[in-house]
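Structure first, commentary second.
Each value in this text was obtained by applying a stated rule to the coordinates, not by laboratory testing. Bear in mind that the values here come from a model prediction, so they are computed numbers and not experimental data. Here the Cβ positions follow ideal geometry from the backbone for every residue, glycine too, while neighbour counts run over all protein chains shown.
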Amino acid sequence: MIAAVAVQAGQSRPATALTKAKLRYVAEGHTPQPSPHNFHLPDITEFGDTRFLPLHSVRPVAPLDELTTSSSNVSLRAHGFTAIRRPTALHAPPHCSLSFRDPELLKQHVIPDTELALKQLTGCTTVVTEALLLRCALWSATDSLAAHGSAGDKASELKTGFPQFIGFDPISGGGSPASKIHLDYSPDGARMHIRSYKHSGGPRWALYSTWRPLKTVRRDPLAVLDYTTFKEDDYVPAAVPTPSLGREGVCETHPAECYLARYSKQHKWYWIDNQIPEECLVLRFFDSDEERAGSIAAGGVLHSSAELEGNDDAEPRESLEIRSLCIW
């Protein structure tokens with residue numbers, strides 16, 4: 001009954017009325033130049049192909065143990081992402097959205113629950129939580145993440161420890177929405193990333209992102225591209241300056257290869273309309289099994305924050321992303 005009420009509360013539009021949103025691609029023939037700032041994709045001017053495209057809702061959002069019986073469900077295996085209803089202890093009193101900005105509470109409640117959910121969802125035997133990324137600011141060309149791990153940054157245990165807490169600095173604040181279509185790691189970028197701090201430890205490994213809002217999303221929702229609707233030619237490789245943190249005594253930056261995208265009329269975008277904090281999107285960034293099978297981008301999915309028309313006066317989106325390594 002609780003799940004049914006949540007679905008009704010989140011569905012404010014008829015199923016046949018598709019919302020359109022602004023999404024930014026790299027223009028045909030253009031080679032984007034990398035940003036000089038840590039954790040930043042190329043400048044927004046490098047994304048010259050702007051489209052208003054329909055977003056398909058993945059509702060109803062089912063609890064994890066009901067995914068197989070949900071007829072409208074999108075799956076990690078088939079689509080490269082899925083949506084689950086997953087409340088945590090921090091969603092109940094005396095906690096509130098501010099509790100998700102407390103690293104100790106996240107370590108105590110949210111990280112263990114996310115690791116358990118990924119084991120249940122993927123069948124992996126081990127989950128390593130790499131990083132937590134907080135976004136709570138309006139979009140800006142250069143946000144607080146640029147200073148994370150930079151030479152002039154006074155490193156704290158949150159930044160040099162493991163997992164990393166990115167965007168949790170009480171002075172510089174959280175990051176802003178990433179309003180450029182991207183996949184955080186190309187296959188080469190994924191391997192370089194994981195080898196920088198840990199060997200896989202198993203015959204199969206994969207990288208996932210678990211994304212949830214801290215409040216109901218009114219602007220800049222996360223949109224995800226169906227893995228089956230894009231082709232190899234749609235990808236554009238790019239470099240993102242990434243600090244090599246999480247290792248004692250290491251303070252350097254390396255270029256991590258990601259993928260951007262060119263437009264294709266075959267692309268099909270999904271979202272959770274009016275997504276609430278109890279609802280998560282789980283995205284696959286890389287899967288070594290998918291790579292061995294010859295899958296495009298090793299099964300990783302493109303995604304972006306999407307700009308909705310008429311929502312410029314809404315309060316900033318607040319979201320928490322947990323990045324994980326899964327090992328079989």
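For the range 261-328, state which GluC sites (Glu not before Pro) are in a DSSP loop and have at most 10 other beta carbons lying within 10 Å of their beta carbon. Present the calculation step by step, with values, prior to reporting the outcome.
On the way: sites: GLU278, GLU279, GLU290, GLU291, GLU307, GLU309, GLU318, GLU321; in loops: GLU278, GLU309, GLU318.
Counting only loop positions with at most 10 other Cβ atoms within 10 Å, the GluC sites (Glu not before Pro) in the range 261-328 are GLU309.
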Label-point separation, HIS95 to ASN311 (7 Å along Cα→Cβ), nm: 2.5 nm
For labels at ASP43 and ASP65 in the simple 7 Å Cα→Cβ model, what's the distance in nm? 5.3 nm
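THR45: net charge of surrounding residues, Cβ under 11 Å, Lys/Arg +1, Asp/Glu -1, itself excluded?
Values: positive: ARG24, LYS180; negative: ASP43, GLU46.
With Lys, Arg at +1 and Asp, Glu at -1, the net is 0.
With respect to the cross-link table entries LYS180/LYS268; LYS20/LYS268; LYS119/LYS215, which display a Cα-Cα separation exceeding 22 Å? Each step should come with its number before you reach the end.
Numbers: LYS180/LYS268 16 Å; LYS20/LYS268 12 Å; LYS119/LYS215 26 Å.
Those over the limit are LYS119/LYS215.
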At 7 Å along the Cα-to-beta-carbon direction for both ASP188 and LEU138, put a label point, then send me their distance in nm to one decimal. 3.9 nm
